[in-house]
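Q: I have a structure here, written as structure tokens, and I will follow up with some questions on it.
The values are calculated or read from the model by the stated rules, or taken from the named source; none is laboratory data. Computed from a predicted structure; not experimentally measured. For neighbour counting, all protein chains shown are included, and Cβ atoms are generated from backbone atoms with ideal geometry for every residue, glycine included.
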Amino acid sequence: MIGSEYPPSTVHSVVRHLWDPRKERVNRAKHGVGFEEAMSALRDPNRVTRIDLEHAEIEERLLVVGYSYPGRLLAVVTAETSPGTIRIISARRATKRERHAYETGSF
């Protein structure tokens, strides 16, 4: 696993993001989004979040929609692996429905 650490902030209290480098390569090839960029979308102060019910039986996952540093609206799937540590599972451009949720502030 690789990742990055950030100091706690009032916007986002998670201080560490992890991901599998092989999963990131596959994700980048399939969706054109790297996990460093995805991590920046998680820090968007206007992001919207909901539980990813599709995978709720396996583990609690969150779907987060936010703007990345380059300015793309992304949908990022994450799971908390331990307190203060988030694993990035996948990232892609947001769908029309997800864009609407972001623009209205709720899923």
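Q: With respect to Gly66, determine if the residue is in contact with a strand residue (DSSP E or B) (Cβ under 7 Å, 6 or more places away or on another chain) and not in a helix (DSSP H, G or I).
A: Numbers: in contact with a strand residue (DSSP E or B) (Cβ under 7 Å, 6 or more places away or on another chain): yes; not in a helix (DSSP H, G or I): yes.
Yes: the conditions hold for Gly66.
Q: Which condition breaks for Ala41 when tested against (1) within 20 Å of Gly105 (Cβ to Cβ); (2) modelled with pLDDT under 95; (3) crowded, with 18+ Cβ neighbours inside 10 Å?
A: The one condition Ala41 does not meet is (2).
Q: Counting only residues that are outside any loop (DSSP other than H, G, I, E, B) and more than 11 Å from the chain's Cα centre (by Cα), how many does region 20-47 have?
A: Step one: list which residues in region 20-47 are outside any loop (DSSP other than H, G, I, E, B), which gives 21-31, 35-42.
In the following step, the residues that additionally are more than 11 Å from the chain's Cα centre (by Cα) were identified as 21-31.
Total satisfying the criteria: 11.
Residue-by-condition table, conditions (1) modelled with pLDDT under 95; (2) surrounded by fewer than 19 Cβ atoms within 10 Å (Cβ to Cβ); (3) over 10 Å from the mean Cα position of the chain (by Cα):
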position	(1), (2), (3)
His55	yes, yes, yes
Ala75	no, no, no
Glu80	yes, yes, yes
Ile86	yes, no, no
Arg92	no, yes, no
Arg97	no, yes, yes
Gly105	yes, yes, yes
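Q: If I ask for residues that are closer than 13 Å to Ser40 by Cα and of a type in the set (Lys, Arg), which ones from region 55-91 would you list?
A: Arg72
Q: What's the number of the condition Arg25 fails, among (1) out of contact with any Lys or Arg (no Cβ under 7 Å at 6 or more places or on another chain); (2) free of Cβ contacts under 8 Å to residues at least 40 places away in the same chain; (3) within 23 Å of Lys96 (Cβ to Cβ)?
A: So Arg25 meets the others, but not (3).
Q: In region 79-98, what residues are part of a strand (DSSP E or B) and within 14 Å of Glu37 (Cβ to Cβ)?
A: Ile88, Ser90, Ala91, Arg92, Arg93
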